[in-house]
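In what follows, a structure is listed as structure tokens, so that the remarks can point back to it.
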Amino acid sequence: MSTPTSPPHDATHVEQPKVSSLKKFAAGSRGVIRAYPSATRIVSITLLTFLAILATFYISDTQNPAIGEGAAVAVAVLGLTWLTGWSGQVSLGNSGFMMVGAYTASLWINHHPSATQPSSYGIGLVLAVAVGAVTGLILGLPATRLRGPYLAGMTIAFAVVIPSFIQTLSFAGGSGGLQVFALTPPQWFVNFFNDQEYGYQIANAQWPTDIVIAIAGFSFLIMANLFHSKLGRSMRMVRDNDVAAELAGINLPRMRALAFVISASFGALGGALFIYIANTITPEEPFQFTFGITLLTLMVVGGIGTLWGAAIAGVVFAYQGPWIAWLSSHVGISSTTNLGQQMPNILFSGILILTMLLAPRGIVGGIQDLVRIVKKLLASSASRSETSPESPSDNASGDAATHSPS
Amino acid sequence: MGNVSFHVNTGEIVGLIGPNGAGKTTAFNVACGFVKPTSGTVEFPAAGLRSLRPHQLHKAGVARTLQGVGLFDHMSVLENVMAGAQSRRGAGILASLTGMPSVSRFDRRVRTEAFEILERLGIAQFAGQVPSAIPYGIAKKVSVARALMASPRLLLLDEPASGLDENELEEFSNLIVSLKSTMGVLLVEHNMEFVMPLVDRLVVLNFGEVIATGTPKDISQNADVLAAYLGVDDD
């Protein structure tokens, strides 16, 4: 047997006769990414998280809470994209997991003696994730026997039942819900920024947003690790061909239940983070059943099964307010009218329809398609310019290994 | 099905044949644990195990390919082969969550091994492509490559010849013979021209019962088998 060459990570490994400095740099970067995948993920996600936090310093105080809520929703969409995009199980009820997480964290903070201490908020998040995981397991066990519309129906029932159930719990505030103390920045943070020469005054609204973005960034890192792990591959196998997956040694019921547990954990974390910004939760708002549909819409719009898709979903959610205001003013609908109040639903429905028609793989898929088209155009123009009458045999580069997956 | 009893030894190729509806696929599914027998057992004496469920087959060193190709559509050829190693003990869930180096090490090891198998089968140049972009014959080899990743002692091939042209049949036949030295092979197949020169022993099913076992030469002269296949009367 011949000594194996290094296996390719994708189908785009192409030997080029003339390599520009830029291409050398790109090839070198790809080499580093392949050699240190975990470190690359840590560095890139940390950098993006830092940039997102930095952006909050330049965004208006009124918009900052919406950015925080967008980051929290991105975490919940991440959970949904794991369940639907990676394990192939449809869920319309992930708003229920968000509600479970939000109530768990709120109850802890409200009933804990040192409620205003930052540690309480941290413990609240941990408890939210734990209770969310248990809820996911409870829902995931029967889900192992259901498929397609039956599974979707079960998740809808879950999202409908959870608010009604919580409404009956007096210690959870009944229909009045719960209030959560706003996260306030520590004094050292305020002093650090307010003592600067340029006289920046940090607003209270920015601190919780920054905290939520940081935790969301950490969640993205965890999910990125999962995507690239053996567990992530198992999920994709179950999604693509469950019989073949089972023959490869995967316990299907266990894997499907685990997908729910992980999805519910992220959903609950997203719900708890959301409440750290919104500070109020009731069985009616904000995680009513229709919020589950919104999560699904956001996932589809961003791009199912991708980290970037979840991040884009968060941005779309964060900026829905200004977009709705812009749209309403242009079509002459007052926000006080019934129609005006339904604008978020109209906007998301419209975006969903347009996405399905124009870019079924979401914004991420659309961008990938666009990049592929541009690359093809560049490659074809380059090959035309390189092919001259003196060197007619230079175009024999189209071997099978260089074809991109369709 | 009833009165079905046969065995496969390491180092031999056994063909499970029979007319349409004879129960070949059912017998295969019983052996793999997809169908639970109402009586009797499926034993894996080399591993000291019996009556396993499909996801436990790897414990007995059994791997199976599916009718058609049964590949994972959204994974590359290389990833499809790597999928054959999913039953191996890798990094734990905590290591996966935190992206510990052990996760990358496991992935690299499996990736290299999968590529070696693709090279051995002469299809390494398709490693980066998705199943929908490769010829059917290559996809069949990929499904065998995935099964080989589990280092099986018994390989079950479900209609390996279907959809292959003459050249591909010859290649596939050579491939199966080359595997014989390290494992037993049990295959279900309709194509008699493919099966007869390939196998060491045949088990013939009809109406859910074993009607004959023996070498291809014996079976080709067996009156019951001829009757079952051709509708020829015993007289």
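The numbers here are math on the coordinates, done by the rules we state, and not lab data. No experiment lies behind these values; they were computed from the predicted model shown. Cβ placement follows ideal geometry from the backbone for every residue including glycine, while neighbour counts extend to all protein chains displayed.
Rounded, prolate or oblate: pick one for region A:38-288, where a ≥ b ≥ c are the square roots of the eigenvalues of its C-alpha gyration tensor, a/c under 1.5 means rounded, and failing that, prolate if a/b is larger than b/c, else oblate.
Values: a/c = 2.55, a/b = 1.44, b/c = 1.78.
Verdict is oblate for region A:38-288.
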Inset, instruction - Would you kindly derive the ³J(HN,Hα) couplings of region B:169-176 from the backbone phi angles with the Karplus curve 6.51 cos²θ - 1.76 cosθ + 1.60 (θ = phi - 60°), listing them in order in whole Hz, with x for Gly and Pro? - result: 4, 5, 4, 5, 4, 4, 4, 5
Inset, instruction - Starting at the first residue of region B:199-210, write each ³J(HN,Hα) from the Karplus equation 6.51 cos²θ - 1.76 cosθ + 1.60 with θ = phi - 60°, in whole Hz, x for Gly and Pro. - result: 8, 8, 8, 10, 10, 9, 9, 8, 6, x, 10, 6
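Would you mind classifying region B:1-145 by shape? Square roots of the alpha carbon gyration tensor eigenvalues, ordered a ≥ b ≥ c; an a/c under 1.5 is rounded, otherwise it is prolate if a/b is larger than b/c and oblate if not. Write down the numbers at each step before the final one.
Numbers: a/c = 2.32, a/b = 1.47, b/c = 1.57.
Oblate shape, in that a/c is at least 1.5 and b/c is the bigger or equal ratio.
Would you work out the charge dipole size for region A:38-288 about its Cα centre, treating the Cβ of every Lys and Arg as +1 and the Cβ of every Asp and Glu as -1, and quote it to the nearest 20 debye?
So the magnitude is around 1040 debye.
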Inset, instruction - Evaluate Rg over Rh across the protein assembly as shown, taking Cα atoms for both radii and Kirkwood's formula for Rh. - result: 1.05
Legend entry - Other-chain or far-sequence residues with amide H under 5 Å of residue B:202's (modelled H): B:15, B:214, B:215
Inset, instruction - Would you pull out the residues with amide H under 5 Å of residue A:305's amide H, same chain only if 5 or more places away, H placed 1.01 Å from N? - result: A:85
Legend entry - 5 angstrom amide H check on residue B:44, placed H, neighbours 5+ away: B:49, B:50, B:51
Inset, instruction - Give, in nm to one decimal, the length gained when the segment between residue B:166 and residue B:209 is fully stretched (0.36 nm per residue of separation minus the Cα-Cα distance). - result: 12.3 nm
Legend entry - Nearest 10 degrees, 0 to 90: helix B:101-120 Cα axis against chain B principal axis: 40
Inset, instruction - Rounded to whole Hz and in sequence order, give me ³J(HN,Hα) for region A:135-143 from the Karplus expression 6.51 cos²θ - 1.76 cosθ + 1.60, θ = phi - 60°, writing x for Gly and Pro. - result: 4, x, 5, 4, 6, x, 4, x, 5
Legend entry - 15 Å beta-carbon shell around residue B:68, net charge (K/R +1, D/E -1): -3
Inset, instruction - Provide, for the protein assembly as shown, the number of lysine pairs with alpha carbons under 19 Å apart, each pair being eight or more places apart or on different chains. - result: 10
Inset, instruction - Report the net charge of residues surrounding residue B:16, where surrounding means a beta-carbon distance below 9 angstrom and charges are Lys +1, Arg +1, Asp -1, Glu -1. - result: 0
Inset, instruction - Kindly state, to the nearest 0.05, the FRET efficiency for residue A:182 paired with residue A:376, given R0 = 56 Å and r defined as their beta-carbon distance. - result: 0.60
